[in-house]
1. Restricting the search to segment 66-78, which residues are surrounded by 15 or more Cβ atoms within 10 Å (Cβ to Cβ) and closer than 23 Å to Ala30 by Cβ?
2. Test each condition in (1) touching a Ser or Thr at 6+ places or on another chain (Cβ under 8 Å); (2) at pLDDT 95 or above; (3) assigned to a loop (DSSP other than H, G, I, E, B) for Gly183 and report the one that comes out false.
3. Enumerate the pairs (first residue in segment 135-154 and under 18 Å from His110 (Cα atoms); second residue anywhere and part of a loop (DSSP other than H, G, I, E, B) and β-branched (Val, Ile, Thr)) with beta-carbon separation below 7 Å, excluding pairs fewer than 6 apart on the same chain, so at least 6 apart or on different chains.
4. Name the residues in segment 104-133 that are in contact (Cβ under 8 Å) with a residue 40 or more places away in the chain and either within 11 Å of the chain's Cα centre (by Cα) or surrounded by 24 or more Cβ atoms within 10 Å (Cβ to Cβ) (or both), would you?
5. State the number of residues belonging to segment 80-97 that are within 13 Å of the chain's Cα centre (by Cα) and within 16 Å of Gly66 (Cβ to Cβ).
6. Looking only at segment 82-135, count how many residues are farther than 23 Å from Arg160 by Cβ and either part of a helix (DSSP H, G or I) or among the charged types (D, E, K, R) (or both).
7. For segment 138-154, state whether one or more residues are at pLDDT below 95 and either in a helix (DSSP H, G or I) or among the hydroxyl-bearing types (Ser, Thr, Tyr) (or both).
8. So, in segment 20-58, how many residues would count as being modelled with pLDDT of 95 or more, part of a loop (DSSP other than H, G, I, E, B) and loosely packed, with under 11 Cβ neighbours inside 10 Å?
Amino acid sequence: MFHPFPNNCCLVLQSFQKLWEDSEVSNISALNVNGKKLPVDVDAQTSLLMVLRNNLNLTGTKYGCGEAQCGACTVLIDGQPTRSCVTNVGRVADKQITTIEGLEKDGQLHPLQDAFLKADALQCGYCTSGMIVTGVALLDKNPKPTREDIVTHMNGNVCRCGTYLRIIAAIQMAAEQKGVRNG
């Protein structure tokens, strides 16, 4: 089966191990999410994904595999795409977290969200938030990516429906739009 975004297991497992080793055991009382400081009361070892979904009711970020292999749980941590299913909140308590819900500004979708709709780059929609958040990070870093840049950056984000070509087209479309703004 053609899969333009193959996984890189070794790097993911090394990242997971570092995240686990660096986390401190304590409670976290607030998180900076989508430009707001939000109160929480959770153990520092709790996964960011569970806190976003269960404590903050931000359900756009999805649980896919729980092993950082599919990208459905991707959020931005200080602008960097990060798998929230294996990220302990203790590691990100003092960082800026951006979810799919935080990309919309003043009632306007982010240009990449709009491009996903125009390119029909979603089918079941389960991977969409992770794909968009990862794509936003790419466009913030590289406003004019080549097709190869897109495929390389989206590496590890899995679309079970196989809409990869439309996802690539959506990212290219957003890159062509004027005013692609930071997340």
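The values are calculated or read from the model by the stated rules, or taken from the named source; none is laboratory data. Everything numeric here is computed off the predicted structure, so don't read it as measured data. Backbone-built Cβ (ideal geometry, glycine too); neighbour counts: all protein chains shown.
1. Listed by number, the residues that qualify are Cys73, Thr74, Val75, Leu76, Ile77.
2. (2)
3. Going by the 7 Å Cβ cut-off, the qualifying pairs are Leu139/Val180; Pro143/Val180.
4. So the first thing to find is which residues in segment 104-133 are in contact (Cβ under 8 Å) with a residue 40 or more places away in the chain, and the list is 105, 110-112, 114-116, 118-123, 126-127, 129-131, 133.
Scanning segment 104-133 gives Leu112, Ala115, Phe116, Ala121, Cys127, Ser129, Gly130, Met131, Val133.
5. Of the residues in that region, 6 qualify.
6. If we filter segment 82-135 for residues that are farther than 23 Å from Arg160 by Cβ, which is where we start, we get 88-98, 102, 104-111, 114.
Checking which are either part of a helix (DSSP H, G or I) or among the charged types (D, E, K, R) (or both) leaves us with 89-92, 94-95, 102, 104-106, 111, 114.
Here the count works out to 12.
7. no
8. Count: 1.
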